[in-house]
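Read-outs throughout are calculated quantities, based only on the coordinates presented, and are distinct from any laboratory measurement. Keep in mind that what you see is a predicted model, and the values were worked out from it rather than measured. Note that each Cβ is placed from the backbone with ideal geometry, even for glycine, and that neighbours are counted across all protein chains shown.
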């Protein structure tokens with residue numbers, strides 16, 4: 001069997017394997033770069049999530065404070081409304097008492113005029 005065709009076939013196979021190895025190496029380099037890029041994006045997203053979680057925590061704290069103030073204002077409003085109702089009731093009593101006073105004074109004058 002001639003040595004040249006066997007050698008040529010092996011040389012072709014070796015060249016083919018080199019081309020495949022180079023292509024695989026290039027693909028591995030591309031994938032490593034892509035992986036590094038994705039890891040950087042992941043780190044950026046993790047930092048963004050942490051920042052948003054902090055903002056959410058601060059916002060929830062503010063919300064709790066505002067809800068507390070709202071409850072205080074509602075209590076003050078209810079107290080004010082209650083005081084207004086009491087004030088109206090007392091004003092009606094004052095008006096009635098003033099009316100009774102006017103009537104009593106009128107009766108006193110009439111009685112005094114009759115006695116004199």
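Do we find that residue 113 is out of contact with any helix residue (DSSP H, G or I) (no Cβ under 7 Å at 6 or more places or on another chain) and surrounded by 10 or more Cβ atoms within 10 Å (Cβ to Cβ) in this structure? Taking the combined requirement at face value, the residue does not satisfy it. With the structure loaded, tell me whether residue 103 is out of contact with any helix residue (DSSP H, G or I) (no Cβ under 7 Å at 6 or more places or on another chain) and either exposed (fewer than 10 other Cβ atoms within 10 Å of the Cβ) or touching a residue at least 40 places away in the same chain (Cβ under 8 Å) (or both) or whether it fails that test. It is false that residue 103 is out of contact with any helix residue (DSSP H, G or I) (no Cβ under 7 Å at 6 or more places or on another chain) and either exposed (fewer than 10 other Cβ atoms within 10 Å of the Cβ) or touching a residue at least 40 places away in the same chain (Cβ under 8 Å) (or both).
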